[in-house]
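The values are calculated or read from the model by the stated rules, or taken from the named source; none is laboratory data. Here the structure is a predicted model, which means the values were calculated and not measured. A quick note on method: Cβ atoms are made from the backbone with ideal geometry, for glycine too, and the neighbour counts reach across all protein chains shown. Ligands, DNA and RNA are excluded from the accessible area calculation, which covers all protein heavy atoms including side chains. Shrake-Rupley method; radii C 1.70, N 1.55, O 1.52, S 1.80 Å.
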Amino acid sequence: MKRRTVYWTLGLLLLSTCLLVLGGGVGSQGWSWPSEWLSDPVSAQIFWDIRVPRNLGAWLGGALLGLSGAVAQGLFRNPLADPYLLGSSAGATLGVSLYLSTWGGSMMMLAVWERLGITGAAFVGGLLAVMLTLTLSRGMQHTMRLLLAGVVVGVVLAALASLVAILDPHLWQTLQAFMLGSAAMIDSSAAVLMGVMLLICLSVAVWWSRVLDALHLGEDTARSLGMPLSWARWGLISVMSLATGTAVSQMGLIAFIGLAAPHAVRATVRCTHASLLVLSALMGGVLLLASDLLARGIRAPEELPVGLLTSVLGGGYLLWRMPRMERGAS
């Protein structure tokens, strides 16, 4: 099993590298790899300032969502748990809608300081939503109460975001673009931020991975083994919130990556949660970067919303996997 885990890690790293190289040639006119890039200053600037940050940012965003999904599924012992479980996506959407309604602007044509404002609004909105969920559930001791509180908070905040958009008709199209997700807004500073957050979140999650292994055997068993469940829950919830908030604030809402990536890993290799967290992050990066390349290349020069594509592909994969999971359970 350890050898197979190493093979999958190396394979996903190699596939990620190939997709990053391939993404360097995908532009507004489809696939192209001009031979004069090294000599033409304009082509070189497009490559280094636009394509490289976007491709790297798409991979990092997928890795954050894949890691967050693996943490959520391990923490709640539920294979259907996803990074948006605690209402962070609805809170981020409400934060962005309130920001745009107050200051206006278009997500695709924003000055740098306005883009930072949208990032902060999405992050703060998602963080406040998670805090509200934890308050309503009275902490993290009762998993079912926490899940129900997350569902309620998500529904209410999503309704409030839609209400804000209805009251300001000019906001609806911009908010819809955020809800469908896009990697087009990522620049070099956003890619660096996402990379730093991925290292922090992955390190903390791997540190608490033994608790996830113990929780897989049951909460009573984990407690009898002396695992610090309270501290671990707070740490893992913080990882899930920080990883999800960072990805959403930079790319908008990207569906199914956090749900499908851990499923794809579990379907191919059995491993401890430490390896599962790393492989889920790598798988999430591969899935989102590949989806972004398809979104840019299918109807070039038009670009499909990458969140729409991940919903179709991720939903199709889970529908394909469900009969096999049922046969395995029986």
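For the peptides 176-189, 88-101, 255-268, the ranking by packing is 88-101, 255-268, 176-189, with the highest mean count of neighbouring Cβ atoms within 10 Å listed first. A simple spin-label model places the labels of Trp231 and Arg270 3.2 nm from each other, with each point 7 Å out along Cα-to-Cβ. Around the Cα centre of the stretch 179-329, unit charges on the Cβ atoms of Lys, Arg, Asp and Glu (plus for the first two, minus for the last two) sum to a dipole of about 400 debye. Hydrophobic, long helices, defined as DSSP H runs whose alpha-carbon span along the helix axis is 15 Å or greater and whose mean Kyte-Doolittle value is at least -1.0, occur in the chain at 2-23, 52-76, 88-103, 112-136, 143-167, 188-207, 229-251, 273-297, 306-329. Over the chain, Cα pairs under 8 Å with separation of 6+ residues give a relative contact order of 32 percent.
Mean separation of Cα pairs under 8 Å and 6 or more residues apart, divided by the residue count, gives the stretch 114-202 a relative contact order of 14 percent. Of the labelled figures (i) 32, 26, 17; (ii) 50, 22, 16; (iii) 29, 22, 21, only one reflects semi-axes √(5λ) of the Cα gyration tensor in Å as derived from the coordinates, namely (i).
Each of Gln176, Trp234, Ala222 was placed along the dipole of the chain (beta-carbon charges, centred on the mean Cα), and the one lying farthest toward the positive end is Ala222. Of the residues Met197, Met283, Met227, the one that moves most in a GNM of the chain with alpha-carbon contacts below 10 Å is Met227.
Among Leu217, Leu279, Leu136, the residue with the largest mean-square fluctuation in a Gaussian network model of the chain, with springs joining Cα atoms closer than 10 Å, is Leu217. Over the stretch 218-270, what percent of the accessible surface lies on carbon and sulfur atoms, probe 1.4 Å? C and S fraction of accessible area: 60 percent. Spin-label model, Ala159 to Thr221: label points 7 Å out along the Cα-to-beta-carbon direction sit 4.0 nm apart. Accessible surface computed residue by residue for the stretch 159-259, with neighbouring protein chains in place and a 1.4 Å probe, gives 47 Å² per residue. For the chain, a simple Cβ point-charge model (Lys and Arg +1, Asp and Glu -1, everything else neutral) yields a dipole of about 1220 debye relative to the Cα centre.
Just to verify a number: FRET efficiency for Trp172 and Glu303, C-beta to C-beta distance, R0 = 25 Å, to 0.05? The partial results should precede the final answer.
Numbers: r = 20 Å, r/R0 = 0.79.
That gives a FRET efficiency of 0.80.
Placing unit charges on each Cβ (+1 for Lys and Arg, -1 for Asp and Glu) gives the chain a dipole about its Cα centre, and among Leu65, Leu319, Ile200 the Cα reaching farthest toward its positive end belongs to Leu319. Per residue of the chain, what 222 nm ellipticity follows from adding -39500 (n - 2.57) for every DSSP H run with n ≥ 4, rounded to the nearest 500? It comes out at -25000 deg cm²/dmol, rounded to the nearest 500.
The mean sequence separation of alpha-carbon pairs under 8 Å and at least six residues apart, normalised by the residue count of the stretch 168-260, gives a relative contact order of 48 percent.
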